[in-house]
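Values in this text are rule-based calculations from the coordinates and carry no lab data. Source: prediction; values computed, not measured. Cβ placement follows ideal geometry from the backbone for every residue including glycine, while neighbour counts extend to all protein chains displayed.
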Amino acid sequence: MQFEGFAGNAALKTALSAAFSRRRLPHTLLLQGEAGLGKRTLAQILARAAVCTCEDRDLAPCGVCPACIRAKAGSHPDIRIVTGSGKSNTISVASVDEVIRDAYKKPEEADINVYCIFAENPMPEITQNKLLKVIEEPPTGALFIFTVLSADALLPTIRSRAQIFTVRPPEESEAAAYVQNKTGMPMVEAEKLASLHRGNIGRMLSDGENGRTAKAEQMAEDIANALVSGTEHDLLAATAPLIKDKPLFPESMERLQLLLRDACLLKNNVNVQVPAREVCDKLRRKLSLKALMALCEMTAKYTEYWRRNANMALLVTALCAEMKETAGK
C-alpha cells in the first residue's frame with residue numbers, strides 16, 4: 001500500500017500493508033488516537049485502496065485509475081463517509097440505520113462497500129448497539145473503518161469484533177518537514193510548532209493558520225505570573241479568556257506544563273536553555289519542587305476534563321482554585 005499524505009507510523013503502515021497485500025484486512029478496523037494525527041486521512045487512504053483497480057496491490061491506492069480518481073474527489077459510489085451531526089456532533093441512529101440498509105446491497109462498481117465512520121465524539125449506546133448488529137454478522141464485501149479518540153469509548157462487544165490500530169505522532173523532525181513542505185512556512189517556525197505540539201501535524205497546521213502558538217504562550221506566561229505573584233482574582237482574570245476560547249485551553253495547558261517542567265529542571269540545578277527564562281526563574285524561586293510537579297500533573301488532568309466537554313466556566317474556576325491551593329498561595 002501507499003500512504004501519501006499520512007506521516008510517521010511506520011509499524012502501523014507495515015502491518016496494514018501486509019494485511020492488505022494478503023487480502024487479510026479485517027472487516028472492521030478501529031483507528032484510535034488523539035485529534036490531529038491523521039486518522040481520517042488514513043481511513044480514506046484505506047478506503048481508496050479497497051476500491052483501487054490497480055493489479056499490483058502494493059501500489060494501491062494508485063491515484064490514477066478511474067476508481068482512485070473518483071474516490072479522491074469524494075464521488076465513488078461504494079465509499080460512504082459517516083460523520084456526526086447536531087449540537088453534539090455525534091453519529092445518529094438514523095445514520096446507522098442508513099448504513100445497515102446500504103451494507104446489504106451489492107457494490108455498484110467495486111468488489112466492496114466501504115464505510116468510514118468518523119466517531120471521535122462519543123456515540124450513544126443505542127447507536128452502538130445498532131452498529132453491533134451489522135458488525136457481528138457483516139455482509140460479504142463490506143469494510144467498516146472507525147476513527148475514534150480511544151477504542152474504550154466503544155462497547156466491549158464492538159471492540160472484540162474489530163482490529164484496533166493506534167495512530168501516533170510522527171517524529172518531530174518528520175512532522176516539521178511535512179508542515180514546511182505543505183505550507184511553505186520557514187523550517188525554524190515548523191520545528192517550533194513540532195516541539196510545542198509533539199509532532200501532532202493537525203495541531204501544527206491549525207496553529208500555523210490561526211497563530212495559536214503565540215496566544216497559548218502568552219496565556220501560559222500570564223497564568224504563571226498570576227499564580228506566583230498575584231491574587232486569586234488576578235489568576236481568575238488571567239484565565240478568563242479560556243472560558244470563551246475553548247480550543248485555546250489545551251494548548252495553553254500544554255504550554256504551561258512546559259514552563260513548569262523547565263522550572264523543575266532549573267530547581268534541580270540542571271543547566272538547560274529555556275525559552276521563557278524570566279517566568280521559569282520566578283516559578284523556581286517562588287514554588288517548591290513538589291508544588292511544581294503537582295501543577296504539571298494538574299495541567300494534564302484538567303486537559304482531560306476539557307476533552308470530556310466539561311462546562312468551561314466551572315472548569316476554569318476549579319482549575320484556579322486548585323492551582324492556588326497547590327501552590328500554597
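Okay, here's what the table says:
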quantity	calculated
DSSP beta bridge pairing in the chain, given as percent antiparallel to the nearest 5	5 percent
Rounded to 10°, Cα long-axis angle of helix 248-267 versus longest principal axis of the chain	50 degrees
Counting all C-alpha pairs of region 1-106, share separated by more than 19 Å (%)	51 percent
25 °C / 0.890 mPa s Stokes-Einstein diffusion coefficient of the chain, Kirkwood radius on C-alpha pairs, µm²/s	111 µm²/s
Cα-Cα P(r), region 187-282, percent of pairs per 5 Å interval	2, 13, 22, 22, 20, 13, 6, 1, 0
Computed [θ] at 222 nm, deg cm²/dmol, the chain (DSSP H ≥ 4; -39,500 (n - 2.57); rounded to nearest 500)	-17500 deg cm²/dmol
Between helix 201-210 and the chain: long-axis angle, C-alpha atoms, 0 to 90°, nearest 10	60 degrees
Only Lys, Arg (+1) and Asp, Glu (-1) charged, at Cβ; the chain dipole about Cα centre in debye	400 debye
Those GluC sites (Glu not before Pro) in region 122-185 that DSSP places in a loop and that have at most 15 other beta carbons within 10 Å	Glu171
All-pairs Cα distance distribution in region 145-232, expressed in whole percent, bin size 5 Å	3, 13, 18, 13, 11, 12, 13, 10, 6, 2, 1
Percent antiparallel among DSSP beta bridges (both partners in region 30-173, rounded to 5)	5 percent
Size of charge dipole - region 131-224 - debye, nearest 20, with Cβ of Lys, Arg +1 and Asp, Glu -1, no other charges	360 debye
Cα gyration tensor, region 121-188 - rounded (a/c under 1.5), prolate or oblate	prolate
Hits among lysines - C-alpha to C-alpha of Lys324 under 17 Å, sequence gap 8 or more where chains match	Lys282, Lys286, Lys290, Lys301
Folded to 0 to 90 degrees: helix 289-307 orientation relative to the chain principal axis, Cα	40 degrees
